[in-house]
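Heads up: the structure comes next, in structure tokens.
Each reported figure results from applying straightforward, stated rules to the coordinates on display, with no laboratory input. Because the structure is predicted, anything quoted here is derived from the model rather than measured. For neighbour counting, all protein chains shown are included, and Cβ atoms are generated from backbone atoms with ideal geometry for every residue, glycine included.
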Amino acid sequence: MGQALVFIEHDGTEIKTQARNAITAGSKLGDVVAVVAGYNVDHIAKAASVISGVKKVVVADDEVFSFALAEPLADLLVHLAPSYSHIIAASTAIGKSIIPRAAGLLDVQPISEVIGIIDANTFVRPIYAGNANATVRSSDTRKLMTVRATSFDPAPPDGATAPIEVFDVAIANTKSRFVSAEVPKNERPELTAARVIVSGGRGLQNGENFRKLIYPIADKLCAAVGASRAAVDAGFVPNDYQVGQTGKIVAPDLYVAIGISGAIQHLAGMKDSKIIVAINKDEDAPIFQVADYGMVGDLFSILPELDRELDCLA
Amino acid sequence: MKVLVPVKRVVDYNVKVRVKSDGSGIDTAGVKMSMNPFDEIAVEEAVRLKEQRVASEIIVVSVGINACQDVLRTALAMGADRGVLIAATETLEPLAVAKLLKALVAREIVQLVMMGKQAIDDDMNATGQMLAGILGWPQGTFASKVVITADTATVTREVDSGLETVALALPAVITTDLRLNEPRYASLPNVMRARKKPIEVIAPHELGVEHSPRLTVVNVTEPARRAAGIKVKSVQELVERLRKEAKVI
């Protein structure tokens, strides 16, 4: 067995669920060492040290890692690389930014969005928006990869306590600087961690209808709210709601697609959901081909009725 | 400032791809090919930079077979100045492409590389980040807004939690996301004009790049299909089935 270095993504307060999925992937490849980078992140390192499967935590605590910029994080991975057979991050915006950069620096061809691990050198990954799966074998001595969170169960956060080691090589960054972040206020569960997702598409016609019709149903189901690319492009909701090939990949227990036709790029982001419900006025919409329960009709009359029906449940 | 825009020829995004029956890959025979949509956005952004007189020259580059000249012509018709085809008989992996681009950046003394965040065929989302790494340049991935001043690129990025803005010291690599701009259609006169713009064809070894592939494709398979479900007649039936049959609410 090898040694797998797993990048632990966090928001300064807590570890992202996807990092725990990445640990499960890492455990299939070797002993997992978790790397936590940030500024004043003792509490994150402690939380990482008790995740099941983690044998050691390396913590890089420095101002340079404050905003998870790709340049210093990739340099950190390059510094740590010699001890590991596999370097893994979840395929989040951060994972996708740092793994290929570090791979380039290490002269390694990275493997993106792994959904299956066959052996230490062989991996399955989707291509063509998930219309095909490619099994690829890597001849690199060290593998760098991002893994799709929904393909690996999250490692439970209550294992034995692993030792924490401090990384104390100074890493400089003069090339990039954090300016600002625009994080839309969202009281609902996070898309990638939600058990239920209610998504809207172009059929909603405007942002007001999204708020009026989608949000109440989502709240009654304790669901996250998602959207198709068309709805985001049209400005109904912010970009971080987008589900699809280039948005977020989700696999909740229940995915409700409302007024979404089901372009392959959208299906790529949600077709692994356990149960899919589609509500659309066009009975030929491709979304019905993946839906367990389809309802053909006008969403403007169906949604208020669904809202009342859910009231009766509560 | 010189801007380099790499463009990839891929199966058109509207095509429903089919896996070859022997599992060796995707059937591309007779399939419509186009410029990778994210690369179109990169070309558009570069052309806008030229219109704002920020960019002095736009060089578009593609790596692959001769037919890749088609996507170079498309980019030239959109407003790029000249094209380079790095001739390769087979598809090269991102690491090889990044090395070739690095060599071209050095030869052309480019200050900005603007490229699509991912190709819609292999969905790797890697070449830009790898190129930035091996050049030692900063990277602005998943850009939805780009502002260039004398020595800085300010890039607003689409990230998981919303938007993030970073300032990059030029030279830099920027990878484009969907909402950066809407690419223009080339007008007929511009298409005609593009035919006269130069395309240089060079071999990888002329750029001093030797690369043996690290990834081999063992097989390509079709993912398991979802079984078709049922149509419900009423909202009551839907809620009932979700509760008692699927047990998800």
- Task: Mind jotting down the distance between the C-alpha centroids of the range B:60-84 and the range A:242-299, whole Å?
- Result: 37
- Item | FRET efficiency estimate (nearest 0.05) - Cβ-Cβ, B:K16 to A:Q205, R0 30 angstrom | 0.60
- Message: So if I take the centroid of the Cα atoms in the range B:99-117 and the same for the range B:210-249, what is the distance between those two points in Å?
- Response: 40
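For a footprinting-style exposure proxy, rank A:T146, B:T156, B:T141, A:T17 by other Cβ within 10 Å, fewest first.
A:T17, B:T156, B:T141, A:T146
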- Query: What value does the protein assembly as shown have for Rg/Rh, both radii from Cα atoms and Rh as Kirkwood defines it?
  - Reply: 0.96
- Task: Could you calculate the FRET efficiency of B:E57 with B:R226 from 1/(1 + (r/R0)^6), where r is the beta carbon distance between them and R0 is 41 Å, rounded to 0.05?
- Result: 0.25
- Item | Average partner coverage of A:288-301, which counts Cβ from other chains inside 10 Å | 4
- Item | Full-stretch length increase - B:I65, B:V31 - with 0.36 nm per residue and alpha-carbon distance subtracted | 10.7 nm
- Task: Rounded to the nearest 500, what is the 222 nm mean residue ellipticity of chain A from helices alone, with -39500 (n - 2.57) per DSSP H run of 4+ residues and division by all residues?
- Result: -7000 deg cm²/dmol
- Taking Cα pairs closer than 8 Å and at least 6 residues apart, the relative contact order of chain B in percent is 23
- Return B:C68, A:C222 ranked ascending by Cβ neighbour count within 10 Å, so the fewest neighbours appear first. A:C222, B:C68
- Note on the structure: Taking N as the number of residues in chain A, the ratio of its alpha carbon radius of gyration to 2.2 N^0.38 Å works out to 1.06
- Helix B:69-78 sits off the longest principal axis of the Cα atoms of chain B, rounded to the nearest 10 on a 0 to 90 degree scale, by 80
- Around B:C68 (Cβ within 14 Å, Cβ-to-Cβ, excluding B:C68; K/R +1, D/E -1) the net charge comes to -2
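Using the reciprocal of the averaged 1/r over all distinct C-alpha pairs, how large is the Kirkwood radius of the range B:2-246 in Å?
Roughly 19.6 Å, rounded to one decimal.
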- Item | Charge sum, other residues only, whose C-beta stays under 12 Å from B:V239's C-beta, Lys/Arg counted +1 and Asp/Glu -1 | -2
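Can you pick out the pairs among A:K96/A:K185; A:K46/A:K271; B:K32/B:K196; A:K28/A:K185 whose Cα atoms lie more than 29 Å from each other? Each step should come with its number before you reach the end.
Values: A:K96/A:K185 24 Å; A:K46/A:K271 35 Å; B:K32/B:K196 25 Å; A:K28/A:K185 37 Å.
Result: A:K46/A:K271; A:K28/A:K185 exceed 29 Å.
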- Rounded tilt (10° steps) of A:70-80 against the dominant C-alpha axis of chain A: 40
- Query: Listing B:K8, A:K281 from the residue with the fewest other Cβ atoms within 10 Å to the one with the most, what is the order?
  - Reply: A:K281, B:K8
- chain A, relative contact order in percent, only Cα pairs under 8 angstrom and at least six apart counted: 14
- Residues with beta-carbon under 10 Å from that of A:D168, excluding A:D168: net charge, scoring Lys, Arg +1 and Asp, Glu -1? -3
- DSSP-defined beta bridges in chain B - what % are antiparallel, rounded to 5: 40
- Task: May I ask for the distance between the Cα centers of the range A:1-48 and the range A:69-96, given as a whole number of Å?
- Result: 11
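Over the whole of A:88-97, what's the average partner chain Cβ count within 10 Å per residue? Rounded to a whole number, please. Walk me through the intermediate numbers first.
Details: counts 0, 0, 0, 1, 3, 8, 3, 1, 10, 11.
That works out to 4 on average.
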- Note on the structure: To the nearest 10 degrees, the tilt of helix A:17-27 (Cα long axis) against the first principal axis of the alpha carbons of chain A is 50
